[in-house]
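Participant: Take this structure first; my questions come after.
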Amino acid sequence: MGTEENKAVVRRFYEELANGRRYDLAEELMTADHRYIDPQIPGVPAGPRGMAEALRVYQEGVEGRWAIEDMVAESDRVAVRWRGTGRHTGTVNGIPPTGRPVDVSAVSIHRLEGGKIAENWTVWDTLTFLQQLGVAPAPGQAE
C-alpha cells in the first residue's frame, strides 16, 4: 500500500475507532499481532482486542474527542500529532471522575503491514493530564 492508503487507515483509527467508539473496527484496522507501546500504559495485550480495551478506558473516562493536528507518512510509517480534549467523567488510571476539562497533546507513530496497523508507539503529555485533573501540582502551585 502507498502512503495515502496508509494515512487513510490511520485516520479511520482516530475518527471511527477512537472518536466513534467503534471498538468492533479493531479487527479490521489492526493486524492479529498488533502491538501498542506506550510508557504510560505498560502491558497492553497484543492484538486488536488489547488496543480496543486500552482505548476504551480513555474514551469512556474522558468524554471528548481526539483531533489529528498533523499527519506525515513515509514508507510503512504514519506519524500523527494529535490532541485529546474533553471532560473527565469516568475512572482513568485509578483516578475517579473529577468533571474537570482536559486538553492533552500526544504523538503516535503507526507502522502498517498489509493495509493494517501492526504497531503503535505513543507518547502523550501525562503530566499535563494529571495537573488538569488536580492530582499533580502545576508549576508554581504549592504542594
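Bear in mind that the values in this text are calculations on the coordinates, not laboratory data. Please read all numbers here as calculations on a predicted model, not as lab measurements. FYI the Cβ positions are ideal-geometry reconstructions off the backbone, even for glycines, and counts take in every protein chain you see.
Participant: Would you check which residues across the range 70-105 are basic (Lys, Arg) and part of a strand (DSSP E or B) and list them?
Facilitator: 77, 81, 83, 87
Participant: Can you name the residue in the range 55-96 that is out of contact with any strand residue (DSSP E or B) (no Cβ under 6 Å at 6 or more places or on another chain) and over 19 Å from residue 19 (Cβ atoms) and, of all such residues, is surrounded by the most Cβ atoms within 10 Å (Cβ to Cβ)?
Facilitator: Across the range 55-96, the extreme among qualifying residues is 73.
Participant: Would you mind stating whether residue 117 is within 23 Å of residue 20 (Cα to Cα), of a type in the set (A, V, I, L, M) and surrounded by 13 or more Cβ atoms within 10 Å (Cβ to Cβ)?
Facilitator: yes
Participant: If only one of 52, 46, 32, 8 is surrounded by 16 or more Cβ atoms within 10 Å (Cβ to Cβ) and either closer than 22 Å to residue 115 by Cβ or touching an Asp or Glu at 6+ places or on another chain (Cβ under 6 Å) (or both), which one is it?
Facilitator: Step by step, each of 52, 46, 32, 8 is checked, and only 52 is surrounded by 16 or more Cβ atoms within 10 Å (Cβ to Cβ) and either closer than 22 Å to residue 115 by Cβ or touching an Asp or Glu at 6+ places or on another chain (Cβ under 6 Å) (or both).
Participant: To continue, here is another question. Quick check, is residue 36 within 17 Å of residue 10 (Cα to Cα), touching a residue at least 24 places away in the same chain (Cβ under 8 Å) and among the aromatic types (Phe, Trp, Tyr)?
Facilitator: yes
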